[in-house]
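The values are calculated or read from the model by the stated rules, or taken from the named source; none is laboratory data. Keep in mind that what you see is a predicted model, and the values were worked out from it rather than measured. Cβ: placed from backbone, ideal geometry, glycine included. Neighbour counts: every protein chain shown. Just so you know, the surface numbers come from the protein's heavy atoms only, side chains and all, with ligands and any DNA or RNA stripped out. Shrake-Rupley method; radii C 1.70, N 1.55, O 1.52, S 1.80 Å.
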Amino acid sequence: QVHLVESGGGLVQPGGSLKLSCAASGSIFSINTMGWYRQAPGKQRELVAVMPSGATPTYADSVKGRFTISRDNAKNTVYLQMNSLKPEDTAVYYCNALVQTTFSNIPRTYWGQGTQATVSS
């Protein structure tokens, strides 16, 4: 199996910053894409940023210029640096990874359990 564990959420004032981390572990041969999604109350889950291995990241328009995704492939970890946070960024943030496992030839998508980020004064 493969497990994704997120950390770094919390409460921050508008204009503040948070850095989320997501570490993947388990039966991993390689990881293709890693990314972040979020879900606000009453809304559908939406893409925040994704980063294919060795490729340019993609960001949602709403976070461009404020959020930065990065990866440490040696640690199977993805990060999301969130700056200039707004109340509308409040959501549960989920880590996502497309993993080539050691037990299957078919890559599989895995999700973390989510971490809450709240932006409020």
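In the range 102-117, what count of residues is obtained for those that are among the hydrophobic types (A, V, I, L, M, F, W, C), outside any strand (DSSP E or B) and touching a residue at least 12 places away in the same chain (Cβ under 8 Å)?
Residues in the range 102-117 being among the hydrophobic types (A, V, I, L, M, F, W, C), outside any strand (DSSP E or B) and touching a residue at least 12 places away in the same chain (Cβ under 8 Å): 1 in total.
Would you confirm whether or not the range 68-79 contains a residue that is farther than 17 Å from ALA117 by Cα, outside any helix (DSSP H, G or I) and open to solvent by 60 Å² or more (accessible area, probe 1.4 Å)?
no
Being open to solvent by less than 80 Å² (accessible area, probe 1.4 Å) and in contact with a Cys (Cβ under 7 Å, 6 or more places away or on another chain) narrows it down to one of LEU20, LEU47, LEU4, so name that one.
Only one candidate passes the filter, namely LEU4.
Looking for whichever is touching a strand residue (DSSP E or B) at 6+ places or on another chain (Cβ under 8 Å) and either farther than 20 Å from LEU11 by Cβ or modelled with pLDDT under 95 (or both) here; the options are THR56, THR90, THR33. Which one fits?
THR33
Here's a check for you: in the range 9-28, which residue that is farther than 30 Å from SER104 by Cβ and of a type outside the set (A, V, I, L, M) is modelled with the lowest pLDDT?
Residues of the range 9-28 farther than 30 Å from SER104 by Cβ: 9-19.
After this cut, where a residue has to be of a type outside the set (A, V, I, L, M) as well, the list is 9-10, 13-17, 19.
Details: GLY9: 93, GLY10: 96, GLN13: 97, PRO14: 97, GLY15: 97, GLY16: 98, SER17: 98, LYS19: 98.
Among them, the one singled out is GLY9.
Take the range 10-54 and flag every residue that is of a type in the set (A, V, I, L, M), more than 19 Å from SER84 (Cα to Cα) and more than 16 Å from the chain's Cα centre (by Cα).
ILE28
List the residue pairs whose Cβ atoms are under 9 Å apart, where the first residue sits in the range 76-87 and is at pLDDT 95 or above, the second is part of a loop (DSSP other than H, G, I, E, B) and of a type in the set (D, E, K, R), and the two are 6 or more positions apart or on different chains.
MET82/ARG66; ASN83/ARG66; SER84/ARG66; LEU85/ARG66; LYS86/ARG66
Cβ-Cβ below 7 Å, separation at least six or inter-chain, first residue in the range 28-57 and closer than 16 Å to THR118 by Cα, second of a type in the set (A, V, I, L, M) and open to solvent by 50 Å² or more (accessible area, probe 1.4 Å): which pairs?
TYR37/LEU47
Go through the range 54-67 and give me each residue that's of a type in the set (A, V, I, L, M) and part of a loop (DSSP other than H, G, I, E, B).
The answer is ALA55, ALA60.
Is it the case that some residue within the range 91-99 is open to solvent by less than 50 Å² (accessible area, probe 1.4 Å), within 19 Å of GLN113 (Cα to Cα) and over 14 Å from the mean Cα position of the chain (by Cα)?
Yes - at least one qualifying residue is present in the range 91-99.
Using the structure shown, decide if LEU98 is touching a Pro at 6+ places or on another chain (Cβ under 9 Å), modelled with pLDDT of 95 or more and outside any strand (DSSP E or B).
When the stated conditions are applied, LEU98 does not pass them.
Please specify each residue of the range 101-119 satisfying the condition of being open to solvent by less than 60 Å² (accessible area, probe 1.4 Å) and either more than 14 Å from PRO41 (Cα to Cα) or at pLDDT below 95 (or both). Step through it out loud before you land on a result.
Just the residues of the range 101-119 that are open to solvent by less than 60 Å² (accessible area, probe 1.4 Å), to begin with: 101, 104, 110, 112, 114-115, 117-119.
Correct list: THR101, SER104, TYR110, GLY112.
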